[in-house]
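Trainee: Pasting in a structure now, in structure tokens, and then I'll have a few things to ask.
The values are calculated or read from the model by the stated rules, or taken from the named source; none is laboratory data. Every value quoted in this text rests on a predicted model; they were computed, and no experiment measured them. Note that each Cβ is placed from the backbone with ideal geometry, even for glycine, and that neighbours are counted across all protein chains shown. Only protein heavy atoms, including side chains, enter the accessible area calculation; ligands, DNA and RNA are left aside. Shrake-Rupley method; radii C 1.70, N 1.55, O 1.52, S 1.80 Å.
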Amino acid sequence: MRPTGYVYDPIYLEHDAPGHPESAGRLRAIVSHLESSGVFGRLDQLLARDATEDDLALVHSRELVAQVKAAAGAGSQLLDPDTYVVARSFDAALRSAGGVLAATDAVLDGDLSRAFSLVRPPGHHATPERAMGFCLFNNVAIAAAHLLERRGLERVAIIDFDVHHGNGTQDAFYADGRVLYFSTHQHPFYPGSGDWRETGDGPGRGATVNVPLPAGCGDEALLAAYREVCAPAVKRFRPQFILVSAGFDAHFADPLAQLRVSTAGYYEIATLLRELSDDLCEGRIVFALEGGYDHTALGWSVQACFDALTGRDFAPDPLGRGPLAPAPDVSALLARIREEHGL
Ligand SMILES: [Zn+2]
């Protein structure tokens, strides 16, 4: 049986700013957890490569690439109120995008069965024209475009369970029917997009599926969105490859958001996505790290994804299920979205 793999490179720690929630400490915590828990020992490490500027241009304008490069070259500064660059950020961002590309190629070529790219800076808020929301270049969108433009694939699904809407990914493929973009996210919330009525345009009509969830919804509502909307939409689309924007800021311990998901909830979602990839595209699935700002929750949640990808049982985490509280009923919302998409 082919191994499951991960991508990690220490250059990802060199993009860092003191006091910023999107810190190198996030990834240090993940790596330290995966080492001490023995998870890394069960996986193959794949070396990241550097994305080229041509790779970035599959999704981004040359102007954005030049802007980020020049900003990093000039030293520490903010590209917007949330988004910093430091001297090494451009190089880290090239290898972050290249890390997802390397994992995607390795899975497509059959060197790995599945993979998780432990990369940063994250990507899903970066639009074709603009870096924003802690994101410089859209790692997952670039990998999807690479599969379509260079590797001969015709249909790629991107599943985004970060608590924020991946506006950049949506923008990149809004009128492109070759990419199914499915997102669950807290709503209303940053960055403001992701209404369920945003469903794509032109040839992409119906290929954007947004499930905006109310604060406090918890595991049950999130899982219902995956079982009742994501699974049928992905089955109908018949992707040849599944990419996952894996952010863990929906965790109840996360300081930035309030969706109240547990580590066990992430295990269930990752299992469902792995099963979809097994049923539809010979198991070809690559996760890529996006957000997640509680360091303990990050380590355990990434482990939960690896355990799901490798068919292991859920390893109970010390954070547990979180505080009990009544969860909003999302059944009418999910029914409306199913109806909108004919599911
Ligand atoms: Zn996020």
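Trainee: Using alpha carbons only, how many angstrom separate the centre of the range 311-331 from the centre of the range 3-17?
Mentor: About 28 Å separates the Cα centre of the range 311-331 from the one of the range 3-17.
Trainee: Using all Cα-Cα distances in the range 210-343, what percent lands in each 5 angstrom bin from 0 up to the longest?
Mentor: Percent of pairs per bin, in order: 2, 11, 19, 22, 21, 15, 8, 2, 0.
Trainee: Another question, then. Tell me the carbon and sulfur percent of the accessible area for the chain, rounded to whole percent, probe radius 1.4 Å.
Mentor: On the way: 6060 of 12260 Å².
The value for the chain is 49 percent carbon and sulfur by accessible area.
Trainee: With all protein chains present, calculate the accessible area of Arg130 using a 1.4 Å probe and round the result to the nearest 10 Å².
Mentor: 120 Å²
Trainee: Output ³J(HN,Hα) for the range 321-338: one whole-Hz value per residue in order, computed from phi by the Karplus curve 6.51 cos²θ - 1.76 cosθ + 1.60 with θ = phi - 60°, and x for Gly and Pro.
Mentor: 8, x, x, 6, 7, x, 9, x, 7, 10, 5, 5, 4, 5, 5, 5, 5, 4
Trainee: Between beta-carbons, use under 12 Å as the cut-off and find the net charge around Arg2, counting Lys and Arg +1, Asp and Glu -1. The partial results should precede the final answer.
Mentor: On the way: positive: Arg114, Arg284; negative: Asp44, Asp109, Asp111, Glu282.
Net of charged neighbours comes to -2.
Trainee: So, one more: Give me the accessible area per residue for the range 1-103, probe 1.4 Å, as a whole number in Å². It would help to have the intermediate numbers written out before the result.
Mentor: Working: 4410 Å² over 103 residues.
Per-residue value: 43 Å².
Trainee: Can you compute the helix-only [θ] at 222 nm over the chain? Use -39500 (n - 2.57) per DSSP H run of at least 4 residues, normalise by all residues, nearest 500 deg cm²/dmol. It would help to have the intermediate numbers written out before the result.
Mentor: Working: 11 runs with 126 residues, N = 343.
Here the helix-only value at 222 nm equals -11500 deg cm²/dmol.
Trainee: Could you state the accessible area per residue of the range 282-337 in Å², with a 1.4 Å probe and every protein chain left in place? Kindly include the intermediate steps, with their values, before the conclusion.
Mentor: Working: 2440 Å² over 56 residues.
Result: 44 Å² per residue.
Trainee: Could I ask something else about it? Given the C-alpha centroids of the range 23-76 and the range 166-243, what is the distance between them in whole angstrom?
Mentor: Comparing the Cα centres of the range 23-76 and the range 166-243, I get a distance of 24 Å.
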